[in-house]
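Visitor: So that we are looking at the same thing, I have put the structure below in structure tokens.
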Amino acid sequence: MTTTKRGRPRGFDRDAALAQATRLFWKHGYEGTSIADLTRAMGVSPPSLYAAFGDKRTLFTEVVDRYGGTFGAFMGRALETEDDTRTGFARMLREAATSYTDPHHPAGCLVISAATNYSAQTADVERDLRERRVANVRDFEERLADAGRAGSLPAGAEPRALAVYFAAVVQGMSQQARDGASAAELERVAEFAMAAWPARTA
């Protein structure tokens, strides 16, 4: 194979290779994806992979960052673009139902499922993904607290409890999608979940 000075094959499409790596990690998780799996799917040799992305751990971090800005961006977009907080959370759950069951990519959420199984050697991967999920809960809590201060939530509503609740719903929807639930079924889950939104008293 003719390569460049850094070991990449001529005509190397980095974005396409990264997309293939994303699909593998999303479907099989970090532990379940080997370097051999990656080089085969990405169409590169191990030296080319290392030259372009570093080691497997570094590649995985780039994949997760890319996921957050592409497939996973619907969450922040829903919460940021809707004027009403309740409407934003309802939209987020509806779009989760659609995204998690989209047949054009693996089911569920990569950040939720990619480190389901891990060993002592890869505990840092699980820790990184956990920190990303915890950051999402904090974001939910901040938005709900803002809604409370703005009067969109009734007095006595608990932003932290609500944030953990909605995070649990999202994570459960991801797992149900991986287990074969349909978009329609998850949309019903979203509807039921929103029924827990605290009602303002007259």
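Visitor: Name the residues in region 51-84 that are within 23 Å of ALA183 (Cα to Cα) and touching a residue at least 60 places away in the same chain (Cβ under 8 Å), would you?
Guide: Passing the criteria: GLY68, MET75, GLY76, LEU79.
Visitor: In region 100-127, what residues are open to solvent by 50 Å² or more (accessible area, probe 1.4 Å) and either part of a helix (DSSP H, G or I) or in contact with a Ser or Thr (Cβ under 8 Å, 6 or more places away or on another chain) (or both)?
Guide: Across region 100-127, the qualifying residues are ALA120, GLN121, ASP124, ARG127.
Visitor: To continue, here is another question. For region 36-49, which residues satisfy the criterion of being of a type in the set (Ser, Thr, Tyr) and under 13 Å from ALA21 (Cα atoms)?
Guide: Across region 36-49, the qualifying residue is only THR39.
Visitor: Residue check: is ARG133 under 19 Å from SER99 (Cα atoms) and in contact with a Gly (Cβ under 8 Å, 6 or more places away or on another chain)?
Guide: So ARG133 fails the test.
Visitor: Then there's this: From PRO159, PRO154, grab the single residue that is buried (at least 17 other Cβ atoms within 10 Å of the Cβ) and more than 18 Å from the chain's Cα centre (by Cα).
Guide: PRO159
Visitor: Any residue at all in region 78-93 that's more than 30 Å from ALA196 (Cβ to Cβ) and touching a Ser or Thr at 6+ places or on another chain (Cβ under 8 Å)?
Guide: Checked region 78-93: no residue is more than 30 Å from ALA196 (Cβ to Cβ) and touching a Ser or Thr at 6+ places or on another chain (Cβ under 8 Å).
Visitor: OK, next. Taking the residues in region 67-99 that are open to solvent by less than 70 Å² (accessible area, probe 1.4 Å) and of a type in the set (D, E, K, R) as candidates, determine which candidate is nearest to the chain's Cα centre (by Cα).
Guide: GLU95
The values are calculated or read from the model by the stated rules, or taken from the named source; none is laboratory data. Because the structure is a prediction, the values reported are computed rather than measured. All Cβ positions, even for glycine, are placed from backbone atoms using ideal geometry, and neighbour counts span all protein chains on display. When the accessible area is computed, the model is the full protein with side chains, heavy atoms only, and any ligands, DNA or RNA have been set aside. Shrake-Rupley method; radii C 1.70, N 1.55, O 1.52, S 1.80 Å.
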